[in-house]
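Everything below concerns the one structure shown next.
The values are calculated or read from the model by the stated rules, or taken from the named source; none is laboratory data. What you are looking at is a predicted structure, and each value in this text was computed from that prediction instead of being measured. Quick reminder, even Gly has a Cβ in these numbers, built from the backbone with ideal geometry, and neighbours come from all protein chains shown. Ligands, DNA and RNA are excluded from the accessible area calculation, which covers all protein heavy atoms including side chains. Shrake-Rupley method; radii C 1.70, N 1.55, O 1.52, S 1.80 Å.
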Amino acid sequence: MAQLPGDPPRAGPASATDEPDTLMPGGGVAKRPLHFIVMADCSGSMKGEKMQALNYALRSMLPHLLSWENDQLQAQLLIRILAFATKPRWHLPHPTPVTDLTAQWRDLEYLPHGLTNMGPAFQAIAEVLESDRLERRALRPAILLVTDGQPTDPPGGFERGLTTLMGSAAGRSSLRLAVAVGRDANSGPLNRFRSPDTPVLVAESIDDIADRLVTASIAFSRMSEVGADRTAIAQQLLQAESVPRAGLIDDTIL
């Protein structure tokens, strides 16, 4: 797979790519797809208030993502949602514009007795990021992992899945964010998944889930801008962990 293009610009700067811009019939520049995949834990431990909070949190992200996309001249945000437990299943299998997702939202449901197997979920994401399934002009994708537990994969399963994901050019270059629901989820496996310059965000209580996902969506948008100082943004994410919950909804923290 050819090297993925760079980050999408806001108003003005050209994107870091050798490919010429594609003109639309009316004379404008066609937007380039930016795939954003949410990997949501729907195992049995997510039942009840956790799943309700996760659905609320995901819905709360959408206005922030839509606002960011509206500021972009060339990037079109396309969202997919992978629900994972013992086996992964695509809750939203097709790349969906954020504007359509707002109108078509369907809540996730937990799977009774479902385990927290992450390896097969990583492999499912790797499949949709293969070179023959991504547009030539696609921007670097982003993956958001939300989980409340440690991986429960059979021996070697987590490693095989993560190796498969990182074995693809799109997987390696993707922006990978992780939100841990509860301190127990902030573990070595999540640190192995995340991008090196992004911390694991921790939602210590159910009430924190929406704040952390909104924070993650803001970080995703800021880090996806051309010329972004991802290290500085990561430091601000770490500082956000100590901000009172009400303040996290305000994107001025980033």
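Write down the accessible area per residue of the stretch 81-221 in Å², having rolled a 1.4 Å probe over the full set of protein chains.
On the way: 5750 Å² over 141 residues.
Solvent-accessible surface per residue comes out at 41 Å².
Just the number, please: percent antiparallel of the DSSP beta bridges in the stretch 130-225, rounded to the nearest 5. Spell out each step's value before the answer.
Working: 0 of 10 bridges.
Of all bridge pairs located within the stretch 130-225, approximately 0 percent are antiparallel.
The label-point distance for K87 and D207, in a model that sets each label 7 Å from Cα toward Cβ, rounds to 4.0 nm. Which log10 I(q)/I(0) values, to two decimals, does the stretch 79-195 give at q = 0.10, 0.15, 0.23 Å⁻¹ under the Debye formula with one point per Cα? Evaluating at q = 0.10, 0.15, 0.23 Å⁻¹ gives log10 I(q)/I(0) of -0.30, -0.69, -1.51. Straight-line reach from K87: taking Cα to Cα under 22 Å and skipping same-chain neighbours fewer than 8 places apart, the lysines in range are K47, K50.
Please work out how much length the chain gains when fully extended from R59 to R183, using 0.36 nm per residue of separation minus the C-alpha to C-alpha distance, in nm with one decimal. Write out the running numbers ahead of the final one.
Details: separation 124, 0.36 × 124 = 44.64 nm, distance 2.34 nm.
Extra length available between R59 and R183 comes to 42.3 nm.
Give me the distance between the Cα centres of the stretch 189-219 and the stretch 27-69, rounded to whole Å. Between the Cα centre of the stretch 189-219 and that of the stretch 27-69, the gap is 13 Å.
For the stretch 72-128, the relative contact order works out to 36 percent when only alpha carbon pairs closer than 8 Å and six or more residues apart are counted.
Between the amide H of Q76 and those of R32, L34, distances stay under 5 Å, these residues lying 5 or more places away or on another chain, with hydrogens modeled in the peptide plane. Each peptide in 139-150, 193-204, 93-104 gets a packing score, the mean of other Cβ atoms within 10 Å over its residues, and the list from highest to lowest is 139-150, 193-204, 93-104. The fraction of accessible area contributed by carbon and sulfur in the stretch 60-105 is 54 percent, rounded to a whole number (1.4 Å probe; ligands and nucleic acids excluded). For the stretch 127-178, the share of accessible area belonging to carbon and sulfur comes to 49 percent (1.4 Å probe, ligands and nucleic acids excluded). In percent, what relative contact order does the stretch 168-216 have, based on Cα pairs under 8 Å that are 6 or more apart in sequence? Reported as a whole number, the value is 40 percent.
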